[in-house]
Structure formats: C-alpha cells, structure tokens
Amino acid sequence: MKLKKFNGKTQVMDIHKEIAKLREQTHVLARLKTKGFLDEAKYIEQTTELTAKINKLQAELKKLTRLDDEDETLDQIEMLIDFFERRDKPITEFEESAFESIVEKIVVIDQHELEFHLIGGIKFKENI
C-alpha cells in the first residue's frame, strides 16, 4: 500500500511537470505568433492540440487525486475499526484523547440534537 501511494505521488508530480511543459510550449507559440513567425491557422492548430493534451492530463490528475482521497478515507475507517477491536471492554467513561482522535467535528442541529462527524466520513446524530 505504501508503494502504491509513493507511485501515485510520483505520477502526480510527473503529470504536473508535463502540464507545465505543455503550458510553456503554448506560451512559446503565442510569442512566435506575436512576432510574426507563426501564422494564425498553424497557431490555432498547435494550441488546440496542446490544450487537448493538457485537459487529458488534468483529468488523469483529478482521477489520481480522488483515488488518494478514497485511500485516506479507507485508512481512517481501518483506524476506527482497529481502535474499537483493540479494546478489552466497552467505553463507559469519557476519554478525551480517544474523542479528539476520532471526532472531527460536532454540528448542533438544534437544542436537542447533535451530529457527530467522525474520521472516515462517518456521521451520526445523538439526542441530548
């Protein structure tokens, strides 16, 4: 899993570098057109091609980023499961450190109800 994450980060960096190169090529084309070295038709053809490549890479980047977010959510859910499975007995008293590591935020629904947002995207409502 660590190797997968490392490879994913390497891919993301490579895609960012490639997008930067393609954008630089677009700027070079614009400068060539401005100086009169490149006609309008050729400029449009080449910039359209570069823009298509950039859009494809950005879509791939979005997909990789989404997978990273999903992996992080799964890791958080696994941590929750491990936390509760390691317990010898149920939690009967407030444990501040456990609470702070598990609960991301609490939303007040109304004066009688709270919504707890846990790591991993888990939510539940509690009447008070």
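Some notes on this structure:
- Solvent-accessible area per residue in the chain equals 79 Å², computed with a 1.4 angstrom probe and all protein chains kept.
- At the listed q of 0.17, 0.23, 0.24, 0.33 Å⁻¹, the Debye profile of the range 85-128, built from one uniform point per Cα, gives log10 I(q)/I(0) equal to -0.57, -0.92, -0.97, -1.12.
- Among residues other than ARG31 with Cβ under 15 Å from its Cβ, the summed charge is +1 (Lys and Arg +1, Asp and Glu -1).
- Surface accessible to a 1.4 Å probe, THR92 within the full protein complex, Å²: 120
- If you plug the beta carbon distance of ASP71 and GLU93 into 1/(1 + (r/R0)^6) with R0 = 25 Å, you get a FRET efficiency near 0.15.
- When +1 charges are put on Lys and Arg Cβ atoms and -1 charges on Asp and Glu Cβ atoms, the dipole computed for the chain relative to its Cα centre reaches about 1220 debye.
- Taking the alpha carbon gyration tensor of the chain, multiplying each eigenvalue by 5 and rooting it gives semi-axes of 52, 19, 10 Å, largest first.
- VAL108 - accessible surface, heavy atoms, 1.4 Å probe, Å² rounded to 10: 100
- Computed from label points 7 Å out along Cα-Cβ, the spacing between ASN55 and LEU118 is 4.3 nm.
- Distance-filtered residues of the range 56-89 - backbone nitrogen under 19 Å, label point 7 angstrom along VAL12 Cα→Cβ: 56-77
- Surface composition of the chain: carbon plus sulfur atoms hold 56% of the accessible area, using a 1.4 angstrom probe and ignoring ligands, DNA and RNA.
- Heavy atoms of ASP110 accessible to a 1.4 Å probe, total area in Å² rounded to 10: 70
- Mean residue ellipticity (222 nm) of the chain, computed from DSSP H runs ≥ 4 via -39,500 (n - 2.57), nearest 500: -24000 deg cm²/dmol
- Listed residue pairs exceeding 31 Å between alpha carbons, taken from LYS21/LYS42; LYS89/LYS125; LYS56/LYS105; LYS35/LYS63; LYS9/LYS123: LYS56/LYS105; LYS35/LYS63
- Cβ-based charge dipole, the range 14-76, positive-most Cα from THR73, ILE44, ILE54: ILE44
The values are calculated or read from the model by the stated rules, or taken from the named source; none is laboratory data. For clarity, every value in this text was computed on a predicted model and none was experimentally measured. With ideal geometry, Cβ positions are generated from the backbone for all residues, glycine too; neighbour counts draw on all protein chains shown. The accessibility values were calculated without ligands, DNA or RNA, using every heavy atom of the protein model including side chains. Shrake-Rupley method; radii C 1.70, N 1.55, O 1.52, S 1.80 Å.
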